[in-house]
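S.K.: To start, I am sharing the structure in question, which I have written as structure tokens.
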Amino acid sequence: MSKQNESTPSSITVPVLRAMKDRGERITMITAYDAMTAKLVERGGADIVLVGDSLGMVVQGKSSTLEVTVDEMIYHGQMVARGLKHVHLVLDMPFMSYQVGVSQAVHNAGRLIKEGRAHAVKLEGGAEYQELIARLVRIGIPVMGHLGLTPQSIHTMGGFKVQGTSTDSANDILHHAQALESAGAYALVLEGIPQELSQMITQALSIPTIGIGAGRECDGQVLVVQDLLGMDMDFKPKFVKAYESLGERIPRAIQKYRDEVRAGIFPGDEHSYFAKTPLFRPGDSAGSERASAALEGERELHKA
Ligand code: KIV
């Protein structure tokens, strides 16, 4: 596993992402929550890895993101950073880590950067966070905004529902998007809104928009990695495209393993170690010498 040092800068930086928008190059963001997956996501060519607070649902099996803590974000951020070499790493600010006040929010964002190895933080909400965002940006913490279907407001929205479907609510989201840009946000996630609205926002802003369930007119797209790999056979919302069907393939592989264990087929000779000398038998006075020789043989095998 390659290691990302705390001080390793990303080669996909905030200015690079802005330039991608200017050149019309679409940005790909994918979530990851552990080192192995992060390594695979980077190898697949993603521009941004997001440690989303979706980990509360995807990894912890909870019904919302509300219980995720700053410490949990840091724990997963560290794991993901160890799997990455150069990809831009964003960590979500979890619920109630930035709502209480600017100074607590600055403290928590700082922890996500210093301890969680993030290059930037993402937070849900609009104009009400202008002061906070401006402060974070001034002290060198890039902020990605998140508007539309904001899962931390599940109780206000009455569930995971598409937002901005009326003229008033669409205008409201557009104004919040402009407020985030003027506060200094460097990118904006648009989740669960009509394509017509995300197109309008994308054209109105100079910072990149990254959509999920927001149509194809955004400057980039984000998906939860388990969704794009088709791992959960019971979760198939309209906005997800599964590029694999691991939810079927993984159980098939596990079944095959179980069947081979039961039938005594696995492990075969090719997966087994063999002693180079006759092994120790109880009561055999020369046994311990031969046992050490066999152990030595085993060590050599591990080196090979
Ligand atoms: O938490 C998350 O994974 C997210 C993305 C779905 C945008 O916020």
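S.K.: For Asp172, indicate whether it is of a type outside the set (Val, Ile, Thr), in a helix (DSSP H, G or I), surrounded by 16 or more Cβ atoms within 10 Å (Cβ to Cβ) and on the phi < 0 side of the Ramachandran plot.
M.R.: yes
S.K.: Here's a follow-up. If you check Val162 against the conditions, is it within 25 Å of Ala127 (Cα to Cα), within 16 Å of the ligand (Cβ to nearest atom) and assigned to a strand (DSSP E or B)?
M.R.: The answer is no for Val162.
S.K.: Restricting to region 65-81, and then to whatever is surrounded by fewer than 16 Cβ atoms within 10 Å (Cβ to Cβ) and not in a helix (DSSP H, G or I), can you tell me which residue is farthest from the chain's Cα centre (by Cα)?
M.R.: Glu67
S.K.: Another question, if that's okay. Residue check, Ser245 against (1) crowded, with 18+ Cβ neighbours inside 10 Å; (2) over 21 Å from Glu124 (Cα atoms), all met but one. Which one?
M.R.: With (1) crowded, with 18+ Cβ neighbours inside 10 Å; (2) over 21 Å from Glu124 (Cα atoms) applied to Ser245, the lone miss is (1).
S.K.: Could you go through region 89-96 and let me know if any residue there is closer than 30 Å to Thr165 by Cα, within 16 Å of the ligand (Cβ to nearest atom) and surrounded by fewer than 24 Cβ atoms within 10 Å (Cβ to Cβ).
M.R.: yes
S.K.: So Leu147 ticks every box in (1) crowded, with 22+ Cβ neighbours inside 10 Å; (2) more than 30 Å from Lys114 (Cα to Cα) but one. Which box is left unticked?
M.R.: For Leu147, the exception is condition (2).
S.K.: So which residues in region 21-33 are away from the ligand (no atom under 13 Å from the Cβ) and closer than 24 Å to Val240 by Cα, if there are any at all?
M.R.: Lys21, Gly24, Glu25, Arg26
S.K.: List, please: which pairs have Cβ atoms under 7 Å, are six or more places apart or on different chains, and start with a residue in region 16-44 that is in a loop (DSSP other than H, G, I, E, B) and end with one that is among the acidic types (Asp, Glu) and more than 13 Å from the ligand (Cβ to nearest atom)?
M.R.: Arg26/Asp219
S.K.: Report yes if some residue within region 43-52 is within 12 Å of the ligand (Cβ to nearest atom) and either among the small types (Gly, Ala, Ser) or over 17 Å from the mean Cα position of the chain (by Cα) (or both); otherwise report no.
M.R.: Looking for residues that are within 12 Å of the ligand (Cβ to nearest atom) and either among the small types (Gly, Ala, Ser) or over 17 Å from the mean Cα position of the chain (by Cα) (or both), one finds at least one in region 43-52, hence yes.
S.K.: Also, I was wondering about something else. For region 253-261, does any single residue satisfy the condition of being of a type in the set (Lys, Arg) and outside the structural domain of Ile173 (by TED's automatic domain parsing)?
M.R.: Looking through region 253-261, at least one residue is of a type in the set (Lys, Arg) and outside the structural domain of Ile173 (by TED's automatic domain parsing).
S.K.: What are the residue pairs meeting all of these: first residue in region 145-163, first residue in the same structural domain as Val189 (by TED's automatic domain parsing) and of a type in the set (Ser, Thr, Tyr), second residue modelled with pLDDT of 95 or more and surrounded by 16 or more Cβ atoms within 10 Å (Cβ to Cβ), Cβ atoms under 6 Å, and 6 or more apart or on different chains?
M.R.: That search, which allows pairs on different chains as well, returns Thr150/Glu124.
S.K.: Here is a follow-up. Tally up the residues in region 82-130 that are part of a helix (DSSP H, G or I), within 24 Å of His176 (Cβ to Cβ) and without any contact (Cβ under 8 Å) to a residue 40 or more places away in the chain, please.
M.R.: 8
S.K.: Which of the residues that make up region 175-188 are of a type outside the set (Ser, Thr, Tyr) and not in a loop (DSSP other than H, G, I, E, B)?
M.R.: His175, His176, Ala177, Gln178, Ala179, Leu180, Glu181, Ala183, Ala187, Leu188, listed by residue number.
S.K.: I need the helices (runs of 4 or more DSSP H) fully contained in region 189-284, keeping only those with at least 1 residues that are away from the ligand (no atom under 16 Å from the Cβ), farther than 23 Å from Asp172 by Cβ and of a type in the set (Ser, Thr, Tyr).
M.R.: 246-263
The values are calculated or read from the model by the stated rules, or taken from the named source; none is laboratory data. Given the structure is predicted, the values throughout are model-derived calculations rather than measurements. Using ideal geometry, Cβ is built from the backbone for each residue, glycine included, and neighbour counts are taken over all protein chains shown.
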